[in-house]
1. Can you find, within segment 90-113, the residue that is surrounded by the fewest Cβ atoms within 10 Å (Cβ to Cβ) among those that are touching a helix residue (DSSP H, G or I) at 6+ places or on another chain (Cβ under 8 Å), assigned to a loop (DSSP other than H, G, I, E, B) and touching a residue at least 40 places away in the same chain (Cβ under 8 Å)?
2. If the Cβ limit is 6 Å and pairs must be 6+ apart or interchain, which residue in segment 65-88 that is in a loop (DSSP other than H, G, I, E, B) pairs with which residue that is of a type in the set (D, E)?
3. So, of the residues in segment 40-56 that are touching a residue at least 24 places away in the same chain (Cβ under 8 Å) and in a helix (DSSP H, G or I), which turns out to be surrounded by the fewest Cβ atoms within 10 Å (Cβ to Cβ)?
4. Is it the case that D37 is surrounded by 16 or more Cβ atoms within 10 Å (Cβ to Cβ) and among the acidic types (D, E)?
5. Of the residues E98, E26, E78, which single one is among the acidic types (D, E) and in contact with a Phe, Trp or Tyr (Cβ under 8 Å, 6 or more places away or on another chain)?
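Every number here is computed from the coordinates shown, using simple stated rules; none is lab data. The model shown is predicted, which means the values in this text are computed figures rather than measured ones. Here Cβ is always computed from backbone atoms with ideal geometry, including for glycine, and neighbour counts include all displayed protein chains.
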Amino acid sequence: MKNLGLLLIFVLATVFSANAFAAENETIKIQTSSQCDMCKETIEKGMAFVKGVKKTSLDVESSVLTVEYNPNKTNPDEIRKAVAAIGYDADDVVAETEAYNNLNKCCKKGAHK
């Protein structure tokens with residue numbers, strides 16, 4: 001019985017210490033070169049595959065991407081690089097040329113002006 005009590009205390013201590021080290025999600029806002037609803041769909045779908053990204057939302061009108069992420073798994077620079085790999089500028093990170101060239105015509109810079 002004494003061993004069972006010690007085991008229970010050990011298990012509870014382990015659970016509580018693991019939760020103490022769990023990081024809370026953080027949020028970042030990134031200015032993108034998105035143009036339209038198709039851009040929104042492309043970016044949000046692409047970001048779903050980025051490790052550590054929990055939730056994304058692109059405001060089409062302002063072209064601002066809001067990303068909720070786990071800081072233990074990714075960071076703002078990696079998130080910006082992921083957006084660039086999809087084909088869009090992300091703050092000061094320029095879109096990757098090949099990905100940009102593969103975007104639909106309406107999603108390219110200045111297409112809606």
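1. The qualifying residue surrounded by the fewest Cβ atoms within 10 Å (Cβ to Cβ) is H112.
2. Within 6 Å, the pairs are P71/E26.
3. Per the stated criteria, the residue is G46.
4. Values: surrounded by 16 or more Cβ atoms within 10 Å (Cβ to Cβ): no; among the acidic types (D, E): yes.
Judged against the criteria, D37 is not a match.
5. E26
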